[in-house]
Amino acid sequence: MSDTNVRRFQRTRDEEERDEERQQGEELECPECSGSLATDTEHGETVCEDCGLVIEEDEIDRGPEWRAFDSAEKDEKSRVGAPTTQMMHDKGLSTNIGWQDKDAYGKSLSNRQRQKMQRLRTWNERFRTRDSKERNLKQALGEIDRMASALGLPDNVRETSSVIYRRALNENLLPGRSIEGVATASLYAAARQAGTPRSLDEITQVSRVEKDEIARTYRYVVRELGLEVAPADPESYVPRFASDLDLSDEAERRARQLLKSAKEQGIHSGKSPVGLAAAAVYAASLLTNEKVTQSDVSEVANISEVTIRNRYHELLEAEDGITT
């Protein structure tokens, strides 16, 4: 390379470095008030410390999901890869071989290579589930994930139900009971613990076992594992029913008021929380002049219209008793 080209190359590098330094300097100060910037890792934002302007949002947290309080604990937890999860039988620590028979450049593999990859997938699957206990766990966690997806339950409920099922498996509660039954009972208990309950009828619709078996297995698992599951609160069903019926916030608040009045009068004791919640939503829609029929509420809550009518009158009478 000639001296002229060397000098031109060096000049180009110097200009790039100056541009980069200038950009970094601009990023370190607020474009509005030239104040200093701070990174809020909890909310994933970069904000100005002086005027509060949000410069960037939805930033990626590149740190680990775990915490360490000393160097030994840091060394023990330090690793690479995706975070561990209870929703997979191997906690997500194993390797998966993709099904697309393509190389790193996206080109299709030859017949010989495809046969080789298929053998590797077969042996990889065998090593992932080496005994009947792991195969049992894999089937159950897949069932939990399927039912949770059908019911629209969040990830924290799936994690909790996976932990409950693992405990039942470790304490040998499965003999004499079906895998699907214990998995369904675990999901039902986890949903109630998380404050996002689903009725037994809703659970039965997505499960592969009968309602009576789910209820029986649920009581057995809760008793044997000592789970603390509070009675279902009718108010916990209101947001979901109101959302499915496209009701306003005013109607939702009115439904909560009706349920609170019912609790004060003591008429909620011994009655289905789903029925009370559905009746409260229906009554609130009438009180706020929103057009919702008993049939609509019955379809969303999966209960009969007769139950809605009976509970509807009881709720209105309870509120009248308080106001008078």
Largest first, what is the accessible-area ranking of H268, H89, H43 with a 1.4 Å probe? H43, H268, H89
Rounded accessible area per residue of segment 108-228, 1.4 Å, Å²: 54 Å²
Cα-centre dipole for segment 154-252 with unit charges at Cβ (Lys and Arg positive, Asp and Glu negative), debye to 20: 720 debye
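Whenever you get a sec, compute what percent of the accessible area on segment 249-290 sits on carbon and sulfur atoms (1.4 Å probe).
Working: 750 of 1940 Å².
Heavy-atom surface of segment 249-290 belonging to carbon and sulfur, 1.4 Å probe: 39 percent.
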Mean separation of Cα contacts under 8 Å, 6 or more apart, over the residue count of segment 223-286: relative contact order %: 44 percent
Using a 1.4 angstrom probe on the protein heavy atoms only, could you order T129, T160, T84 from most to least accessible area? T84, T160, T129
Using modelled amide H (1.01 Å from N, peptide plane; none on Pro or chain starts), what sits under 5 Å from the amide H of I55, excluding residues fewer than 5 places away? T46, V47, C48
If ligands, DNA and RNA are left out, what is the accessible area of K211 with a 1.4 Å probe, given in Å² to the nearest 10? 80 Å²
List the lysines whose Cα sits under 27 Å from the Cα of K211, skipping any in the same chain fewer than 8 residues away. K133, K138, K271
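The values are calculated or read from the model by the stated rules, or taken from the named source; none is laboratory data. Bear in mind the structure is a predicted one, so any value in this text is a computation, not a measurement. So basically every Cβ, Gly included, is an ideal-geometry build from the backbone, and we count neighbours across all protein chains shown. The accessibility values were calculated without ligands, DNA or RNA, using every heavy atom of the protein model including side chains. Shrake-Rupley method; radii C 1.70, N 1.55, O 1.52, S 1.80 Å.
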